[in-house]
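Comments concern the structure below.
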Amino acid sequence: MKNIVSVSLGASADDYDFITRFRGQSFRVRRFGTDHDVRKAVDLLARWQGECDAIGLGRVADHQLVGTRRLEDPTTAALEAAVSEVPVTTGARLRGLLDEWAIRHIQAHEQHCFTNARVLFLSGLASYAIAQAVSEYTHN
């Protein structure tokens, strides 16, 4: 059985522990919230990295990729650096791919709803990849 641990800066009241199957493989998934305590998160990462197969970081700021520049969040980078024995992720790369896919899917299958649409993005950093995908269909 594979063990997946999520260490979150979110509320410990939201913790969970369950076993599931995916593609014929059993997984135990556990979440540990730290109530916004970064030191506690680092301690949990040090404790669990030797006992799990992968670690996910939750309620952390994503690093931003704007054009060719990568802007790193210092807290997230410190948490990632605390893990050296197993893969660690915030899920940002997958989320970014799925966001762009969703824009293109909606455009292709829902009557071209972004064609010449007026679109407002409140954060150029957080929404850069999505804005880039939408800009393929509108200049507004």
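The values are calculated or read from the model by the stated rules, or taken from the named source; none is laboratory data. Just so it is clear, the model here is predicted, and its values are computed rather than measured. Don't worry about glycine lacking a Cβ; one is built from the backbone with ideal geometry, like all the others, and counts go over all protein chains shown. Side chains are part of the model used for accessible areas, which takes the heavy atoms of the whole protein and leaves out ligands, DNA and RNA. Shrake-Rupley method; radii C 1.70, N 1.55, O 1.52, S 1.80 Å.
Can you give me the number of residues within region 26-46 that are over 17 Å from ASP15 (Cα atoms) and open to solvent by 60 Å² or more (accessible area, probe 1.4 Å)?
Qualifying residue count for the region: 2.
Every residue in region 47-63 that is open to solvent by 40 Å² or more (accessible area, probe 1.4 Å) and outside any helix (DSSP H, G or I), please.
Within region 47-63, GLY50, GLU51, ASP53, ARG59, ALA61, ASP62 meet the criteria.
Given the criteria exposed (fewer than 13 other Cβ atoms within 10 Å of the Cβ), over 20 Å from the mean Cα position of the chain (by Cα) and of a type in the set (Lys, Arg), does ARG70 qualify?
No: the conditions fail for ARG70.
Quick check on region 82-140: of everything there that is assigned to a helix (DSSP H, G or I) and of a type in the set (Lys, Arg), which residue is modelled with the highest pLDDT?
Result: ARG104.
What is the number of the single condition among (1) part of a strand (DSSP E or B); (2) on the phi > 0 side of the Ramachandran plot; (3) not hydrophobic (A, V, I, L, M, F, W, C) that HIS36 does not meet?
Looking at each condition in turn, HIS36 falls short on (1).
Return only the number of the condition from (1) surrounded by fewer than 16 Cβ atoms within 10 Å (Cβ to Cβ); (2) in contact (Cβ under 8 Å) with a residue 40 or more places away in the chain; (3) not in a helix (DSSP H, G or I) that ALA78 does not satisfy.
All conditions pass for ALA78, except number (3).
Is there any pair linking a residue in region 42-63 that is under 30 Å from TYR128 (Cβ atoms) to one that is in a loop (DSSP other than H, G, I, E, B) and open to solvent by 50 Å² or more (accessible area, probe 1.4 Å), with Cβ under 9 Å and at least six apart or on different chains, and which?
Here the result reads ALA54/PRO87; ILE55/PRO87; ARG59/HIS36; ASP62/ALA126; HIS63/GLU72, each pair linking region 42-63 to a residue that is in a loop (DSSP other than H, G, I, E, B) and open to solvent by 50 Å² or more (accessible area, probe 1.4 Å).
With respect to LEU94, determine if the residue is farther than 21 Å from ARG30 by Cα, open to solvent by 70 Å² or more (accessible area, probe 1.4 Å), under 14 Å from the mean Cα position of the chain (by Cα) and not polar (S, T, N, Q).
Against the criterion (farther than 21 Å from ARG30 by Cα, open to solvent by 70 Å² or more (accessible area, probe 1.4 Å), under 14 Å from the mean Cα position of the chain (by Cα) and not polar (S, T, N, Q)), LEU94 does not qualify.
For residues that are in a strand (DSSP E or B) and touching a residue at least 12 places away in the same chain (Cβ under 8 Å), scanning just region 64-75, find the one that is nearest to ASP15 (Cα to Cα).
This residue is GLN64.
Residues being closer than 22 Å to ASP62 by Cβ and aromatic (Phe, Trp, Tyr): count how many of those fall in region 85-140.
Here the count works out to 3.
For region 3-25, which residues satisfy the criterion of being of a type in the set (A, V, I, L, M) and loosely packed, with under 13 Cβ neighbours inside 10 Å? Walk me through it before giving the result.
Step one: filter region 3-25 for residues of a type in the set (A, V, I, L, M), giving 4-5, 7, 9, 11, 13, 19.
Passing the criteria: ALA11, ALA13, ILE19.
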